[in-house]
Amino acid sequence: MSQSFDLIVRGGTCLLPGGRHTVDLGLRNGRIAAIGELGRAAAAETLDASGLHVLPGVIDTQVHFREPGLTHKEDLATGSAAAVLGGVTAVFDMPNTRPNTLGATELAAKLALAQGRAHCHVAFFVGAAEENVDQLAQLESLPGCAGVKVFMGSSTGSLLVESDALLEQVLASGRRRVAVHAEDEPRLRQRHALVADGAEPADHPHWRDVETALRATRRLLASARRSGRPVHVLHVSTAEEMEVLAEARDIATVEVTPQHLTLAAPECYRRLGSLAQMNPPIRGEAHREGLWRAVEAGIVDVVGPDHAPHTREEKARPYPGSPSGMPGVQTLLPLLLDHCARGRLSLERVVDLTSTGPARIYGIAAKGRLAVGYDADLTLVDLEAREEVTAQWLASRCGWSPFEGMTLRGWPRATVVGGQVAMADGALVAPPAGRPVRFIDTAVAREHRPEGPSPEK
């Protein structure tokens, strides 16, 4: 009996678990149904991938889409549109919205807001705080929950886990890997006087210095070992932290941002001013090279841009009143492909850092590889294309990028989300079809199931 598919992706160089092979992919009911020479097989739609490389869908596990409460900067529709235009098929959204995502009610509200509006698949972190520490084990098991996020340095509302005692309470509640922003809050408060009376954005890495990050990371690893709870250290920015984390592979996984791999102080602050301001800060060339050594040594598990948009007006406030953060979900993959073209990464390593790695460390179900039965989330790229990052291409509501004006080699040409072509040749070509991401290591309590869209089927 001849096979029939919803979509056949024909003639691309596919990055399969066994290597690169020029084969067809047959997609049916949102899954990869066949891999090989599909010949005359029937399909409702065909996508010509000749000359392109087909990757497992890119997963960005740290974005701030600002909804609810801060939608003048971004929302789920604009942020997910930017994601899909950049080749990203799934995102994990952070809890520092207004209100903070602290419980089942806030999680359900976010899932409802995403239904019919998200162009890519979504999951939402629950933030750890003193008032919900006893509920975290239950909350992390809810459908659509990416896990627990800890801010060791202050964020919005009550999202602060400052003391080791509270941190260990958080780590004792639940079993999924905990994502952590590791900056030492007592040291940040102590050193704030250095910039409080006015300073320049270039002073940002002096205030939030190497010791601020290193101290928090050491504290985190000690608490993780005492509790036996695995942690994921976000946006690591220092060479010193990487040396410590290299000795903690049994308990900790590691993320870096493309900003920290691409930009370096002081040049970025001279050129961009507060547009280069993020937490933890962009540091000097020695730290950038230390991060690259960690990537090359396999210490880094994930590259994620910590997409944190603010308006130009907000960023133009005098430092330190200017907010930290920059957009990045749309430029994540083009930047990594450009580094690939420059010889710093292999394409296989890009896949590991943006798809296989995220799926592995967070226990994402049926994503992260091109294999029969896996979700039909694909990112098609042209490794030879040279494109400029322009304001016209950017979809984020904030309307800017620190990488505007850069010409990058390697570019996403199509994004397939759940078996449907969502982006082709730089344009959105389908209505939003994102679904909540499913996880393997969760005991879902049906009686606590939040309102909102059902998990992917």
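Brief remarks follow.
- When restricted to residues that are of a type in the set (A, V, I, L, M), assigned to a helix (DSSP H, G or I) and within 12 Å of ILE299 (Cα to Cα), the stretch 230-264 contains 4.
- Consider the stretch 156-212 and keep the residues that are basic (Lys, Arg) and part of a loop (DSSP other than H, G, I, E, B). The one that is surrounded by the most Cβ atoms within 10 Å (Cβ to Cβ) is ARG208.
- Residue count for the stretch 108-147 under the criterion of being among the hydrophobic types (A, V, I, L, M, F, W, C) and closer than 27 Å to HIS192 by Cβ: the result is 4.
- Residue within the stretch 379-386 that is modelled with pLDDT of 95 or more and assigned to a loop (DSSP other than H, G, I, E, B) present: no
- Every test in (1) in contact with a Lys or Arg (Cβ under 9 Å, 6 or more places away or on another chain); (2) closer than 27 Å to HIS72 by Cβ is passed by VAL178 save one, and that test is (2).
Okay, residues lined up against (1) at pLDDT 95 or above; (2) closer than 16 Å to VAL256 by Cβ; (3) touching a Pro at 6+ places or on another chain (Cβ under 7 Å); (4) in a strand (DSSP E or B):
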residue	(1), (2), (3), (4)
GLU313	yes, no, no, no
LEU333	yes, yes, yes, no
LEU337	yes, no, no, no
GLY357	yes, yes, no, no
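- Flag for GLY36 being surrounded by fewer than 19 Cβ atoms within 10 Å (Cβ to Cβ), in contact with a helix residue (DSSP H, G or I) (Cβ under 9 Å, 6 or more places away or on another chain) and over 30 Å from LEU113 (Cα atoms): no
- Hits in the stretch 121-141 - residues which are under 13 Å from THR101 (Cα atoms), in contact with a helix residue (DSSP H, G or I) (Cβ under 8 Å, 6 or more places away or on another chain), of a type in the set (A, V, I, L, M) and not in a helix (DSSP H, G or I): VAL126, ALA128
- Residue in the stretch 63-82 that is surrounded by fewer than 24 Cβ atoms within 10 Å (Cβ to Cβ), farther than 18 Å from ALA395 by Cβ and touching a Lys or Arg at 6+ places or on another chain (Cβ under 9 Å) present: yes
- Candidates in the stretch 306-362 are the residues that are over 20 Å from GLY147 (Cβ atoms) and hydroxyl-bearing (Ser, Thr, Tyr); of these, the one that is surrounded by the most Cβ atoms within 10 Å (Cβ to Cβ) is THR331.
- Cβ-Cβ contacts under 9 Å between residues 6 or more apart (or on different chains), taken from a first residue in the stretch 268-297 that is free of Cβ contacts under 8 Å to residues at least 60 places away in the same chain to a second residue that is polar (S, T, N, Q) and not in a loop (DSSP other than H, G, I, E, B), are listed as MET278/GLN259; ARG288/THR262.
- Residue check for ARG283: among the basic types (Lys, Arg), on the phi < 0 side of the Ramachandran plot and in contact with a Pro (Cβ under 7 Å, 6 or more places away or on another chain): yes
- Those strands (runs of 3 or more DSSP E) of the stretch 21-69 in which at least 1 residues are polar (S, T, N, Q), considering only elements entirely within it, cover 42-48, 58-63.
The values are calculated or read from the model by the stated rules, or taken from the named source; none is laboratory data. Source: prediction; values computed, not measured. When we count neighbours, we look across all protein chains shown, and the Cβ atoms used for this are built from the backbone with ideal geometry, even at glycine.
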